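Reading through the structure tokens given below for one structure.
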Amino acid sequence: MDIKLRIFIILLILICLFSILKVIKLKKLDMRYGMYWSIIFIILLIMIIFPSIIENIAKLCGFKEAPNMLFLIAIFILFYIVFRIYITISRLQEVNRKLVQEISLLKEEKKK
């Protein structure tokens, strides 16, 4: 990989990391989700700085090309994130349902 491209990608990753920290600081993103994204970008940073690590890991795992392994890992990470989001949505739907029921009960009691 060309050194100019590496520097450009490193700058993009650093911008992403700083923006994640800013959003966490403004409390627009939960800390645990911010940590997920921060860890992913730090791993990307390490992979860009030391590309031979990924190539060696890919060879050890039996992949012919390192990008194939990276795409597979990225797909699994995205599936995991989507799964966690669905869990959160399910929990929030249950909380919302209970709140609506409690409000309805309180309104009914107030009418009496």
Subset of segment 50-69 [surrounded by fewer than 16 Cβ atoms within 10 Å (Cβ to Cβ) and touching a residue at least 12 places away in the same chain (Cβ under 8 Å)]: P51, I57
Would you point out which residue out of F41, F76 is in a helix (DSSP H, G or I) and without any contact (Cβ under 8 Å) to a residue 24 or more places away in the chain? F76
Filter result for M47 (in contact with a Phe, Trp or Tyr (Cβ under 9 Å, 6 or more places away or on another chain) and surrounded by 15 or more Cβ atoms within 10 Å (Cβ to Cβ)): no
Considering only residues that are outside the structural domain of F8 (by TED's automatic domain parsing), touching a helix residue (DSSP H, G or I) at 6+ places or on another chain (Cβ under 7 Å) and not hydrophobic (A, V, I, L, M, F, W, C), which ones fall in segment 36-58? E55
Just to be sure before I move on: is R91 of a type in the set (K, R), over 15 Å from the mean Cα position of the chain (by Cα) and surrounded by 12 or more Cβ atoms within 10 Å (Cβ to Cβ) in the structure I sent? no
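Any idea how many residues of segment 18-38 are hydrophobic (A, V, I, L, M, F, W, C), assigned to a helix (DSSP H, G or I) and farther than 20 Å from I73 by Cα?
Counting residues in segment 18-38 that are hydrophobic (A, V, I, L, M, F, W, C), assigned to a helix (DSSP H, G or I) and farther than 20 Å from I73 by Cα gives 6.
The values are calculated or read from the model by the stated rules, or taken from the named source; none is laboratory data. Nothing here was measured: the structure is a model prediction, and the numbers come from that model. Ideal geometry is used to build each Cβ from the backbone, glycine not excepted, and the neighbour counts take in all protein chains shown.
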